[in-house]
Every structure is written in structure tokens, then in C-alpha cells.
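Please treat every number below as a calculation from the coordinates, not as lab data. The structure presented is a predicted model; accordingly, all values stated were derived computationally and were not measured. All Cβ positions, even for glycine, are placed from backbone atoms using ideal geometry, and neighbour counts span all protein chains on display.
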Amino acid sequence: MEHDPAVIAGACVVAESAIMRAINLSSGTRNQLKSLYPLTIGVNCSSPSVDLYVTINADGAITIESYREEATTVSLAGSWKDFLGVAAAADPASALINGNVQISGDTAPLLQIQTVLADLDIDWEAPLAETLGPIAGHQLATVIRAVTRTSKNTHRRLKRQLSEFILEEGRLSPPQAEQDAFFTAVDDLVLRVDRANSRLKRIKKRLDGMSG
Amino acid sequence: MSTQDNTTDETTDFGFERVKKEEKAGRVREVFDSVASQYDLMNDLMSGGLHRLWKRFTIELSAVRPGQTVLDIAGGTGDLAAKFSNLVGKDGNVILADINAAMLSVGRDRLIDKGTLNNISVVQADAQFLPFEDNSIDCITIAFGLRNVTDKAKALASMNRVLKPGGRLLVLEFSKPASPLLSKIYDAYSFSALPAMGKIITNDADSYRYLAESIRKHPDQETLLEMVEDAGFVDCRYHNMTGGIVAVHRGIKG
């Protein structure tokens, strides 16, 4: 099914504006992007069938287009589920390389972009101060930062406590060291079985030679 | 309602009227003289801002590169020319052409305000008789202008003449909606809401009634495709946008 180019163009405008807003609020990011110029990443989504081209321009600005004839630096092909999997992964670079997304072209810029994204430090206080004024904006930003910090800490504590409960209170999973020792023992056993198997084959061959 | 090109040796369409060919340019000029100062505002209101997305896709299709020469015919207020100016860079050249002096004046002022006139030339020209050398232009765009041209076939032939071999023509124009339901809604909107908006914003309902009528008299997608092919272009195709309300036709000079 062919999508309406105006709808895709509208989505590109919205995405482009949001990305550029974030980049402009993160000091240094635009300069980092400038160093990647010229770079075009083709994103070929098979289901739904949509092609997008993300270009980094000489001034560090990003444009997203739905049509391009010139060659891309790197192309990514897959379904929307594959791309969503990469976006949601804890380590997107690893998910991209080991997942179902097919990559062609120069992959080095993808890793550089991941570094830029990891360094993205958005100053949310600036747009709040622009809208609400410097005092109210700063107060609200302080509250948002405190809430964000608390929720991050809570999430980290919950994760650790859940892990401790599974291992120690509930005894639902053996400790890591026990698991490692078990897997090492299994590997060791596999090697010994292989060696015994080879020895048996050698003895059988020798016996066959003696009887012949 | 016909969607064929009804131009004969003697007469042509001016909205739903038949007028002598030599009269049409003058009548069209009156329309655009009247709306020039509020043209972009009206475009935004009439299309709900969609005209920006239609133009954006047209620019993507142009595949214009730095250093190229782009001719934007019927460029009016210069919104496409400003975008092309960035794409061709300091080594390229953009020619903003329009038959209407009032529209060009608004466009030139706007480009000066944006500071983008350094690689843009402004030329008052008739699309049927383009005052440029043969094989001199890399890309020609005409956005929402072809339906106002007196003899469309002659204009397309003139564009073919000035394009370089391999050069690209893009015609962005209102067209025929694919769905009958959308067509009915669109008709009701353009013949009722459009003149009413024109009356409020520019105090000129007649000009916007002409715009609605001229859209209905403009060739549909397939007819225009044939006309582009007949003018000598190859690898011709079109993309419908917003359900076919607008279509962008592309042709390459062979």
C-alpha cells in the first residue's frame, strides 16, 4: 500500500522539529553532529512500507526525508518491530548488530551517533524559563529534577531488592557463583565425554585391526 | 465537469468562463494583483497549512544538489525559491520567475527580509515564452501555477526547451480527488468556504471563486501526465497527495 506523501512529510516535519529542539537544548551536541557531516542514514521499513532518510547537514542540523535518489552512507532494513526492538534495547548498538535489522554500508557512523546520543544532556530548564519566566521556570525545573532523581533511585532500589528477594528470600534462582560453577562443571563434563568417546573409537579401531 | 485541457486556437478557460486566449493573462493578472499581499496567509488558511507539506515533498522529488540551477516558475511569494537557495548553495543559482509583477514584488521583499537573495535572481516571465537559453536549467518547478497559464502545452514545451538533457520538471498542482466522497466534500468546501474566506481576508470573493473554478477546469492526473509526455519528457510519473486533491507530476528531459 502506498502512503500519502503529505502524511509522511507531516510526520517528518514533526519528528525533525522535536529532534532539533532537543539538539539545540543540549550544548555541544550540534558541534558533535557537525563532525559527522556528510552523513545520510536510510531507514527502509518493510512493514509498514516506509522509507526515511536521515541526513546530517554541514551546520549540524538534521533533516528527515521520505524520498532520496543519492546514495546513503548506511542503510538499515527491517520491520517496525525490528526497529522498535533496537530503540527499546538497553544497548541499542548491540541490538542493532545482533538483531534482525539488516545493515549495509559504513556502520562506523552509527556507533558515533550512539556516542552523541549517549552524551545528549538536554537543558529542560531553558524552555520552561522561556515560557514561565526565570523564577517560576527554575522552581518547576527543580521540582521535575527532584522527582526524576527520586524515581530513578526508587527504580534502582526496587531492581536490587527484587534481585535479592529472588536469590535469597524466595530461593527462586541460584546465586550467580553457583550458576557459574555449575556451567563450568557441565562444560568440563562435555569435554571429558568427548575425550572418552575419542578413546573408545581409537580402541575399537585397534581391535578391528588385530582381528582383521 | 470537464477535466481535459480545453484550450483551442481561439479560446481558453478562465474558471468556468470561456475567454479569448489573449485576454486570459490579463484576467489572471487582475486576480493575483488582488490577492498578492495576503497570498501566503490565504494559502495557509485554505489548505490548513498542508501546502507546506505538498511543497516539501516536491522539493524532495527535485533531488537538487549544490551548484545546480533551479527555475521556479510562477514562484510568486518565493517560498520554494528560498528552500532551493539553501540546497544549491553559493555555487548554485535559483531563478524566481512569475508573470505577475505584484507577486514577484512580494516575493522579492520577503527574500530580502530572509537574507536569501544572494543566489536568487528575480525575473518577470511568461511560462509560455521562457527567456532563457536552451539546455541551461537543471530543474524546473511550477507550483500551483500551470492551471493559470493560457496555453499549457506551449508552456510545457518551453520548459522542455530550457531544461538541460536529464533535467527535471516538477509540476505541483491541484488535481482530481480519488474518492467520490472526498470529491463532494472538497467541492462543497471550495465553492462555499473558499470565496467566503477570500471575502473576509482580502475583501475579494471573486478571485477565490476563480481559483476554485480554475482547479476544476485543470486537467486531471492522467491528462496532465499525457501532456507532460507529449511535451517531450520521459520517465514521467505522478504522486497523488491528500487523496488526490493535489498531485505532483515529474518528467525528465530525454
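What is the order of B:249, B:51, fewest Cβ neighbours within 10 Å to most?
Values: B:249 26, B:51 19.
The order, fewest Cβ neighbours first, is B:51, B:249.
Given the convex hull of the Cα atoms of the protein assembly as shown, what is a quarter of its surface area in nm²?
Numbers: hull surface 150.8 nm².
Approximately 37.7 nm², given one-decimal rounding.
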Legend entry - Of every Cα-Cα pair in the stretch B:214-254, the percent that sits beyond 13 Å: 52
Inset, instruction - Can you give me the P(r) profile for the stretch A:1-40? Cα pairs, bins 10 angstrom wide beginning at 0, each as a whole percent. - result: 26, 38, 26, 11, 0
Legend entry - Convex hull volume per residue in cubic angstrom - Cα atoms of chain A: 259
Inset, instruction - Give the Rg (one decimal place) followed by the Dmax (whole number) of the stretch A:30-125, computed from C-alpha coordinates and expressed in Å. - result: 13.6, 40
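Could you line up A:189, B:194, B:45 from fewest to most neighbouring Cβ atoms inside 10 Å? Before the final figure, lay out each step's value.
Details: A:189 10, B:194 20, B:45 16.
Lowest to highest Cβ neighbour count: A:189, B:45, B:194.
When the dipole is taken about the Cα centre of the stretch A:138-212, and only Lys, Arg (+1) and Asp, Glu (-1) are charged at their Cβ, what size is it in debye, to the nearest 20?
Numbers: 16 positive and 9 negative charges, 69 e Å.
Using only the charged Cβ atoms, the result is roughly 340 debye.
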Legend entry - Using a Förster distance of 35 Å, the FRET efficiency for residue A:135-residue A:37 (Cβ separation, nearest 0.05): 0.30
Legend entry - Scattering profile of the stretch B:152-239 at q = 0.17, 0.21 Å⁻¹ [log10 I(q)/I(0), Debye over alpha-carbon scatterers]: -0.81, -0.97
Inset, instruction - Within 10 Å of each residue's Cβ, count the other Cβ atoms and sort A:86, A:190, B:248 from fewest upward. - result: A:190, A:86, B:248
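If you take the beta carbon distance between residue A:26 and residue B:20 as r and set R0 to 60 Å, what does 1/(1 + (r/R0)^6) give as a FRET efficiency, to the nearest 0.05? Show your work: numbers first, answer last.
On the way: r = 63 Å, r/R0 = 1.04.
Computed FRET efficiency for residue A:26 and residue B:20 comes out at 0.45.
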Legend entry - Mean ellipticity per residue at 222 nm, deg cm²/dmol - from DSSP H runs of n ≥ 4 across chain A, formula -39500 (n - 2.57): -20000 deg cm²/dmol
Inset, instruction - State the answer as a single residue: which of A:105, A:140, A:163 lies farthest towards the positive end of the charge dipole of chain A, with beta carbon charges of +1 for Lys and Arg and -1 for Asp and Glu, about the Cα centre. - result: A:163
Inset, instruction - Apply the Debye scattering formula to the stretch A:124-173, with a single equal point scatterer on each alpha-carbon and no solvent, then give log10 I(q)/I(0) at q = 0.14, 0.24, 0.26, 0.31 Å⁻¹. - result: -0.51, -0.80, -0.85, -0.97
Inset, instruction - Note down the nm distance, to one decimal, between modelled labels 7 Å out along Cα→Cβ at residue B:222 and at residue B:44. - result: 3.9
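If the viscosity is 0.692 mPa s and the temperature 37 °C, what Stokes-Einstein diffusion coefficient in µm²/s follows for chain B when Rh is the Kirkwood radius over Cα pairs?
On the way: Rh = 18.2 Å.
Estimated via Stokes-Einstein, D reaches 181 µm²/s.
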Inset, instruction - With springs connecting C-alpha atoms under 10 Å apart, model chain A as a Gaussian network and identify which of A:122, A:97, A:23 has the largest mean-square fluctuation. - result: A:97
